[in-house]
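Novice: Quick one: this structure, given as structure tokens, is what I'll be asking you about.
Just so it is clear, none of the values below were taken in a lab; they were calculated from the coordinates. Being a predicted model, the structure only gives us computed values, none of them experimental. For neighbour counting, all protein chains shown are included, and Cβ atoms are generated from backbone atoms with ideal geometry for every residue, glycine included.
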Amino acid sequence: MEDCIFCKIIGKEIPSEFVYEDDEIVAFNDIHPKANHHVLIVPRKHIPTINDLNEDEKDEVLVGKMMLVARNIAKERGLSGYNLQFNVGESAGQIIFHIHLHLISNG
Ligand code: 5GP
Ligand code: ZN
């Protein structure tokens, strides 16, 4: 997706430090953190919103893996509690139309 900022970050066209990456998922710090820890967990596959998840392509497995990546980052950092959030649609505050899970915590 040529106009997608997150595709550009994933493709290393825009420099960004990954805090995690595997063949399906990357994670990097939010540019405008809302707490001490604010990580975005992002699939390499371009899916605009949660509404676009495709069961035929097993996207629900990918979303499950995103949750586990978030859980592992929280565990590694020793976070006692954290929030996980998907914003879905413009009216809910989604500004980047490539799905991402916010991991937000103050420790
Ligand atoms: P949304 O509101 O779409 O759920 O969240 C998008 C998030 O991406 C926002 O929290 C915003 O600060 C973050 N963001 C937007 N552009 C960039 C960028 O170029 N780099 C990084 N690291 N984060 C970004
Ligand atoms: Zn994208």
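Novice: Does any residue of the range 81-102 turn out to be in contact with a strand residue (DSSP E or B) (Cβ under 8 Å, 6 or more places away or on another chain), more than 24 Å from Glu2 (Cβ to Cβ) and more than 16 Å from ligand 1 (Cβ to nearest atom)?
Specialist: Yes - at least one qualifying residue is present in the range 81-102.
Novice: A follow-up question, please. Strands (runs of 3 or more DSSP E) wholly in the chain with at least 2 residues that are within 14 Å of ligand 2 (Cβ to nearest atom) and either loosely packed, with under 12 Cβ neighbours inside 10 Å or not acidic (Asp, Glu) (or both) - which ones? Quick ask: steps written out before the conclusion?
Specialist: On the way: elements: 18-21, 25-29, 37-43, 83-85, 101-105.
In the chain, 25-29, 37-43 are the strands (runs of 3 or more DSSP E) which contain 2 or more residues that are within 14 Å of ligand 2 (Cβ to nearest atom) and either loosely packed, with under 12 Cβ neighbours inside 10 Å or not acidic (Asp, Glu) (or both).
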